[in-house]
Amino acid sequence: MSTREAIERATAADSDAITHLVREAYEPYVETIGQEPAPMHADYKSAIEAGQVHICTHDGELAGVIVTEASPAHFSIENVAVASSARGTGVGARLLEFAEGEALRLGLSEVRLYTNAKMTANLDYYPRRGYRRTGRRIEDGYDRVFFAKTLSTTSAPAADQRLNEFGQPIGAAVNRVLPAPAPGRVTLIGEHCRLEPLDPDAHAAGLYAAFAAAPDASDWTYMPVGSFASEADYRAWADVAALAQDPLQFTVVSIATGEPLGTLSLLRQDPKNAVVEVGFVAFSRAMQRTPYSTEAHFLFMQYVFDELGYRRYEWKCDALNEPSKRAAERLGFSFEGTFRQATVYKGRSRDTSWFSIIDTEWPDLRAEFTRWLAPENFDEAGVQRTPLRTRS
């Protein structure tokens, strides 16, 4: 006998059953996550009143639930849960398809959702459904991974899609002067730090002392150079590195103390296409997880996009370097994929994860960095009042 399936808007009468289904669906993850997942504490009565909840039923019995919210720019899926009796029947996939249809009905071309980082099956499942990973951050006490899917509103070319004389779609016209300027040896000044071109005489001794203060050499595992056994070894590297145009090395200097705290560079410079990469990021322990770190990256982005007028800003790292990947996503870079066996360094193979920010994304990111770095966002002890939110 076939099952009659229906997806419909939830009513107040469904509230208790929805709460029970959600708790049943998420209970197996409590031990893995270390706390009850957020959906187990959601106010479903209020969400139902707001028209944000739809249910899937099988022969009148509750089989699944989806909670969504529409904004002017995108459509969000806040929660998808499937009853244990309906697992493996495709209910979750059909609820996702329903949400995507609702987004298109509202004229929205992007659907966003998130999952807990420890719900690893979801990390594999959503990309199979066409969702791309866009970020990861701690939010409301949960380690969340964010995804987005761009929907095709029509099979025909978009109204603004350019076609050549053969009727083939081609990319947008680039109405700017190229090549763009190459990065220069400039000093970039922020509220907490300034970036100066690497000067071995002024910086090498202080940088080595800052790096040597770490309890071990683990910060150098994924770097193409280091660690350094002595100040003389570091100075020898700095003497050579300071002469290069690509990578162009900069030192992060504390404005409060004048001490050098770390280095980073602009490399793989491609003025012809207005593309550049940030790399060789070596931040001492005194700089990590502080406003210095965030502001240093902001100063580079501001220089690349606002002064040089670049179109694309890249971040690449060893695919095994999870801290680097989390940092890229926190800073607003979008993950683009993994290049397998891309390079060999320190006698080992490296798969490389690629991330980028493009110029059309920069205005919103600039505004968020400015908000986060504002003095009023930090308390008397220098602790942030609100986190950096580069992904809505």
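The values are calculated or read from the model by the stated rules, or taken from the named source; none is laboratory data. Only a predicted model underlies this, so the values are computations on that prediction, with no experimental measurement involved. Here Cβ is always computed from backbone atoms with ideal geometry, including for glycine, and neighbour counts include all displayed protein chains. Heavy atoms of the whole protein, side chains included, go into the accessibility calculation; ligands, DNA and RNA do not. Shrake-Rupley method; radii C 1.70, N 1.55, O 1.52, S 1.80 Å.
Scanning the range 33-47 for residues that are part of a helix (DSSP H, G or I), more than 17 Å from Y114 (Cα to Cα), open to solvent by 30 Å² or more (accessible area, probe 1.4 Å) and out of contact with any helix residue (DSSP H, G or I) (no Cβ under 8 Å at 6 or more places or on another chain) yields a single hit, S46. Between a first residue in the range 302-315 that is touching a residue at least 12 places away in the same chain (Cβ under 8 Å) and of a type outside the set (S, T, Y) and a second residue that is assigned to a helix (DSSP H, G or I) and open to solvent by less than 20 Å² (accessible area, probe 1.4 Å), which pairs have beta carbons less than 6 Å apart while being 6 or more apart in sequence or on different chains? The qualifying pairs are F305/W362; W315/A328. Going by the conditions given, is K325 modelled with pLDDT of 95 or more and not acidic (D, E)? So K325 does not fit the description; no. Just one of the listed residues (T352, T338) is open to solvent by 30 Å² or more (accessible area, probe 1.4 Å), of a type in the set (S, T, N, Q) and either outside any strand (DSSP E or B) or without any contact (Cβ under 8 Å) to a residue 60 or more places away in the chain (or both), and it is T338. Annotation for the range 122-142: at least one member residue is under 30 Å from A93 (Cα atoms) and among the polar types (S, T, N, Q).
Within the range 68-85, can you find the residues that are assigned to a strand (DSSP E or B) and under 13 Å from A99 (Cα atoms)?
Here is the first cut: in the range 68-85, the residues assigned to a strand (DSSP E or B) are 68-70, 75-82.
Of everything in the range 68-85, those that are assigned to a strand (DSSP E or B) and under 13 Å from A99 (Cα atoms) turn out to be T68, E69, A70, F75, S76, I77, E78, N79, V80.
Scanning the range 239-289 for residues that are open to solvent by 20 Å² or more (accessible area, probe 1.4 Å), part of a loop (DSSP other than H, G, I, E, B), in contact (Cβ under 8 Å) with a residue 60 or more places away in the chain and not hydrophobic (A, V, I, L, M, F, W, C) gives Q245, P271, K272, N273, R285. Taking the criterion of being modelled with pLDDT under 95, open to solvent by 20 Å² or more (accessible area, probe 1.4 Å) and farther than 20 Å from R194 by Cβ, would at least one residue in the range 303-310 satisfy it? Checked against the condition, which is being modelled with pLDDT under 95, open to solvent by 20 Å² or more (accessible area, probe 1.4 Å) and farther than 20 Å from R194 by Cβ, the range 303-310 yields at least one hit. The one condition from (1) more than 23 Å from E102 (Cα to Cα); (2) crowded, with 17+ Cβ neighbours inside 10 Å that A10 does not meet is (1).
Kindly indicate whether L266 is modelled with pLDDT of 95 or more, in contact with a helix residue (DSSP H, G or I) (Cβ under 9 Å, 6 or more places away or on another chain), hydrophobic (A, V, I, L, M, F, W, C) and more than 21 Å from A210 (Cα to Cα). Steps first, answer last, please.
Values: modelled with pLDDT of 95 or more: yes; in contact with a helix residue (DSSP H, G or I) (Cβ under 9 Å, 6 or more places away or on another chain): yes; hydrophobic (A, V, I, L, M, F, W, C): yes; more than 21 Å from A210 (Cα to Cα): yes.
Yes, satisfied.
Listed by first and then second residue, the pairs with beta-carbon distance under 7 Å, at least 6 apart or on different chains, first residue in the range 112-135 and assigned to a loop (DSSP other than H, G, I, E, B), second open to solvent by 70 Å² or more (accessible area, probe 1.4 Å), are K118/T32; M119/Y29.
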